Every structure is written in structure tokens, then in C-alpha cells.
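Have a look at the structure below before the remarks.
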Amino acid sequence: VKVTLGRRLEDSPWARRQFGALVGLNGAGLLLLVVAWHVTAHQALLGKQLGWLSVGVVAVLVAAAADVRWLAAGRHALLVRRREVLADQPAVAASSPRSVTSTTDWVQVPGGTRAHRPGCLLIVGKDVRTVQPARLRKAGRRLRPCEVCTR
Ligand SMILES: [Zn+2]
């Protein structure tokens with residue numbers, strides 16, 4: 001199931017309407033803030049300044065809420081996209097020819113510092129060689145189990 005949240009900006013996790021809301025609310029917040037500052041600056045009495053000070057505070061809060069919502073929407077879109085990419089990946093890995101098929105084996109990209117399980121996403125399409133478990137235990141810091149495929 002593909003989740004569509006409206007037309008995307010090019011190479012961006014955000015939809016066009018989300019970008020429009022961000023610019024609009026930040027623009028409105030800035031405009032309100034400038035108006036509140038300008039009016040307050042021309043009031044001599046504290047009592048008359050407080051109302052416009054409140055308007056300025058609300059303007060900052062509106063802009064901040066828009067920014068937080070923008071970041072949360074981007075984070076959500078990235079999580080959705082990551083789930084889609086990772087869900088697609090096993091089909092690619094299964095279709096590529098493998099010399100190592102056992103799930104108890106370890107493999108290594110020559111020159112690399114990580115030992116991977118044969119199905120690891122980080123070695124898809126790369127030439128790998130088998131690593132003996134005993135060699136992996138002895139290697140210490142020079143060759144460690146991959147943090148991605150051993151999770
Ligand atoms: Zn790995």
C-alpha cells in the first residue's frame with residue numbers, strides 16, 4: 001500500500017501544500033511580529049504595550065508550531081519511504097546470484113572491516129568472500145559483525 005500525501009516537491013519528503021503552509025504561516029508570523037513591534041514601539045504606556053506584546057508572542061508560537069509540524073511531516077515521510085525501500089530490498093537480494101546461501105555463514109567485502117550475513121543489504125551487488133567464524137572471533141576490532149544485518 002503506497003501512501004500518497006499530495007504532490008511532492010522534487011527530491012524532497014514534503015508535499016507542495018506542506019511547503020505552502022510553512023511559508024504562509026511563517027510569513028504571517030513574521031508580519032504579525034513586525035506589526036506588534038511597530039505598534040508597541042509607539043506606545044508610551046505599559047498597559048497599551050502588553051496587548052501587542054501578546055500578539056507578538058502568539059506570532060512567534062504560530063511560526064514555531066508551523067516549523068515543528070514541517071519537520072515532523074518530513075520525518076514521517078522519510079520513515080514511510082524507508083519502510084518502502086527496505087520492503088522492496090529482499091526481492092532484489094533473492095534474485096541476485098549468491099555463492100553463499102547458508103544463514104550461519106559470514107561474508108566480507110575484501111578490504112572491509114565488517115563481516116555480514118549473506119542477505120545483508122549493505123553487500124547487495126558486491127563481490128564478497130566467505131569468512132570463517134573462527135577468523136571472525138580472532139580478528140577483534142579489525143573485523144567486526146555488521147551492525148545492520150546482526151540486529
Ligand atoms: Zn551487514
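The values are calculated or read from the model by the stated rules, or taken from the named source; none is laboratory data. From a predicted model like this one, the values you see are computed outputs, not experimental measurements. Neighbour counts run over all protein chains shown; Cβ positions are idealised from the backbone, glycine included. All accessible areas refer to the heavy atoms of the entire protein, side chains included, with ligands and DNA or RNA removed. Shrake-Rupley method; radii C 1.70, N 1.55, O 1.52, S 1.80 Å.
The calculated FRET efficiency for THR113 paired with THR150, based on their beta-carbon distance and R0 = 25 Å, is about 0.95. Placing pseudo-labels 7 Å out from each Cα toward the beta carbon at LYS48 and ARG81 gives an inter-label distance of 5.2 nm. Which value, in Å², gives the accessible area per residue of the range 104-151 when a 1.4 Å probe is used on the protein heavy atoms? In whole numbers, the range 104-151 has 67 Å² accessible per residue. When peptides 74-81, 11-18, 41-48 are sorted by average Cβ neighbour count within 10 Å, with the highest value leading, the order is 11-18, 74-81, 41-48.
Computed from Cα atoms, the angle from the helix 46-95 axis to the main principal axis of the chain rounds to 20 degrees.
The slack between THR104 and THR130, meaning 0.36 nm per residue of separation minus the straight C-alpha distance, is 8.3 nm. Among the protein heavy atoms of the chain, carbon and sulfur supply 63% of the accessible surface, probe 1.4 Å, non-protein parts ignored. Cα convex hull, the range 16-89: 61 Å³ per residue, rounded to a whole number. Here the calculated FRET efficiency for LEU122 and GLU10, from their Cβ-Cβ distance with R0 = 35 Å, stands at 0.80, rounded to the nearest 0.05.
Global size of the chain: 27.1, 83 Å for Rg and Dmax (C-alpha atoms, Rg to one decimal, Dmax whole).
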